[in-house]
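I have placed the structure first, in the form of structure tokens, so that the comments after it can refer back to it.
The values are calculated or read from the model by the stated rules, or taken from the named source; none is laboratory data. No experiment lies behind these values; they were computed from the predicted model shown. Side chains are part of the model used for accessible areas, which takes the heavy atoms of the whole protein and leaves out ligands, DNA and RNA. Shrake-Rupley method; radii C 1.70, N 1.55, O 1.52, S 1.80 Å.
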Amino acid sequence: VAHRYDLTQREEEIMILYATGRSSTYIAENLFVSINTVRSHISRIYAKCEVHSRQELITLIEQDKGSSKPS
């Protein structure tokens, strides 16, 4: 997903944590950035991936995993 939607390395880190259910506060504390920075990254991730919710993002990631499995 990160490669397909041209996410930065930091956006990919945040996307993984966010999609596994971590809160913005948790992400900010563990990546040593402000909560506003995390929220900005999440907004950009949503825009780049063309999703509108965490659940849509999770579904996108799951679909990508399914399509990359060998037949």
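Please go through the stretch 13-71 and give me each residue that is not in a helix (DSSP H, G or I) and not charged (D, E, K, R), ordered by number.
Thr20, Gly21, Ser23, Phe32, Val33, Ser34, Val51, His52, Ser53, Ser68, Pro70, Ser71
Within the stretch 14-71, track down each residue that is over 13 Å from Val1 (Cα atoms) and charged (D, E, K, R).
Passing the criteria: Arg22, Glu29, Arg39, Arg44, Arg54, Lys69.
Restricting the search to the stretch 15-33, which residues are among the hydroxyl-bearing types (Ser, Thr, Tyr) and either open to solvent by less than 60 Å² (accessible area, probe 1.4 Å) or on the phi > 0 side of the Ramachandran plot (or both)?
Tyr18, Ser23, Ser24
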